[in-house]
1. Subtracting the Cα-Cα distance from 0.36 nm times the residue separation, let me have the gained length for D223 to T94 in nm, one decimal.
2. D193 to D131: FRET efficiency via 1/(1 + (r/R0)^6), r the Cβ-Cβ distance, R0 22 Å, to the nearest 0.05?
3. Accessible area, 1.4 Å probe, largest first: how do K67, K79 sort?
4. Given just the C-alpha atoms of segment 102-218, how large is their convex hull per residue in cubic angstrom?
5. How big is segment 49-118 by the Kirkwood estimate over distinct Cα pairs, in Å?
6. For a quick check of understanding: with a 1.4 angstrom probe and all protein chains in place, what accessible area in square angstrom does T247 have, to the nearest ten?
7. Roughly what % of Cα-Cα distances in segment 126-168 sit above 17 Å, to the whole percent?
8. If you bin the C-alpha pair distances of segment 150-265 every 5 Å from 0, what whole percents do you get?
Amino acid sequence: MRVLRRVLRVSAAGMLALVTGCGGAAVSAPQPDQPDQVPPAPAPTPQTSAAATSGLPSVGVLVDGDKHWCTASVVASPKGNVVATAAHCADAGTVGSMAFAPGFSGAVKGSYPYGTWKVRAVQTDERWSGDGDDSFDYAFLTLEPDARGRSVQSVVGAAQPDWSSGPRRRVTVFGYPDEDHNPGNRPIACTTDTRPDTELASDVRIDCAGFWTGTSGSPWLADYRGPDHRGRLIGVLSGGDTDVASTAVLFDARARALYERAARA
């Protein structure tokens, strides 16, 4: 069974070493979505099980010292320095030592193809931080520039947010299952359809196998067509009782207020 709404602080067992320092070799990366010059590719066929993928440069993991946990992704912002994840994921780290590693993959020490960005500030709703209300299990993190002074978005691109999505969308979800179920620490992805969650009015649900612990914070990208057409970020994976059933809180005006706070931090 998997319960993603509450996670323990990460243990060292089975986790990978974090490459010291920020930055890294310069890598050509896609930029934030631009107006389409040609019609996007057709929507992918819905899946019932996630599959290994080469990943998306703007999606990665949260890291702290020699540990990594949870998934996070870059959301477009004026300064290019904001990432979205689940609030319970942000709670598992410490500002000042926690960092974001986009495009992470690989067994043992792993690979940091785009470097790392330190977390400067964390924004969570007081109804989460004070009451643990699962209707607010999302967070926006403000990142420092890397050692070369670059914003994360300028290096790996970003998805545009959607603050008013309906509950029925076709989404592509990228995530990093924990090492017990994913020894190579490779990203997975699943394209499937959302529907309202019957247990929590704020949430939508997908049924797609393979989203084990570690995929909390995974971006739900509506109308994704590929790295050059990432669609819209409508929420992040926050809950689920098994690896098949996963839920996300739909972003709304309250989420937007947190995002704007993170963009100003």
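1. 43.1 nm
2. On the way: r = 31 Å, r/R0 = 1.42.
Between D193 and D131 the formula returns 0.10.
3. Working: K67 50, K79 125 Å².
In descending accessible area the options line up as K79, K67.
4. Convex hull of Cα atoms, per residue: 142 Å³.
5. It is 12.7 Å.
6. That residue has around 10 Å² of solvent-accessible surface.
7. 58 percent
8. 2, 12, 21, 23, 20, 14, 7, 2, 0
The values are calculated or read from the model by the stated rules, or taken from the named source; none is laboratory data. Predicted, not measured: the structure shown is a model, and the values here were computed from it. Reconstructed Cβ throughout: ideal geometry from the backbone, glycine too, with neighbour counts over all protein chains shown. The area values use the complete protein model at the heavy-atom level, side chains included, leaving out ligands, DNA and RNA. Shrake-Rupley method; radii C 1.70, N 1.55, O 1.52, S 1.80 Å.
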